[in-house]
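Right, one structure below, let's go through it.
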DNA sequence: CTTTCATGTCATGTTTCCTAACATGAAAGT
DNA sequence: ACTTTCATGTTAGGAAACATGACATGAAAG
């Protein structure tokens, strides 16, 4: 599941490809970017690089506009979505792994007297 | 299922994208084309356009070469595959739809005496 | 030790994409 | 009725990516 997400967010598609996939003009796509609706990456040579997720978002934008929603409205929708996602993330309090549990228990033990040395376990980068 | 096939054979990816997706050089990709292993489409401005199927094939070619198969060998494999596919297609005798059955029955009736007019049914383009 | 194979590199021209500016028709305000 | 705003079109000049063709090369094959 992680693999597919990575592929979908891989920014490799240049303007011409995205134009064909979305049937939008370059002008439109750049304008939506200027309005803060998308933020494509850039190549070394400063050319825009889009991911499949970006393409999906552009298709969404296209549909919203076709439905009469203006750009400010679309931005509001995305801002709201982002806020909701962020709230959910911080509320999720990600579940502890067995590894975490062991480490925490060990720390507890060490603080209240110490048994076994703290640095004997597996090193975790974060 | 038909939809996905279409998308996978949609030729929209330019050289730079394919280079990134396959980690092949432009020289390699063009060489494989010169050897008849792939046949990308061309844009109006004569630039190569690849589909996801093409990318898959390039990845295959890369793997074959890494395994010591030379280009003639890879071509032989593809020629053989194509022959097999073609044979299977002609043997498959694609199943008739209800619509086909009705049309054939009607033609039969018409030829052996006629009941109902031939052009009263639904028009099918092919 | 010369050929072949797969690829690298360079030169030169064309196409695509960049930014920035001005133009425009349809809505919306005043 | 006139002026802004919005979303998009168009044009211009420059930079990046891509095209083809030629020559170079190391490894393998003959």
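None of the figures in this text is laboratory data; all of them are computed from the coordinates on show. Computed from a predicted model, the values in this text were never measured in an experiment. Every residue, glycine as well, gets a Cβ built from its backbone with ideal geometry; the counts of neighbours run over all protein chains shown.
Residue count for the range A:38-54 satisfying the condition of being away from every other protein chain (no Cβ under 11 Å) and within 9 Å of DNA strand C (Cβ to nearest atom): 4. Output the residues belonging to the range B:22-38 that are outside any helix (DSSP H, G or I) and either away from DNA strand D (no atom under 12 Å from the Cβ) or buried (at least 16 other Cβ atoms within 10 Å of the Cβ) (or both). Hits for the range B:22-38 are B:23, B:24, B:35, B:36, B:37, B:38. Residue check: is residue A:16 part of a loop (DSSP other than H, G, I, E, B), farther than 23 Å from residue A:77 by Cβ, within 14 Å of DNA strand D (Cβ to nearest atom) and within 14 Å of chain B (Cβ to nearest Cβ)? It is false that residue A:16 is part of a loop (DSSP other than H, G, I, E, B), farther than 23 Å from residue A:77 by Cβ, within 14 Å of DNA strand D (Cβ to nearest atom) and within 14 Å of chain B (Cβ to nearest Cβ).
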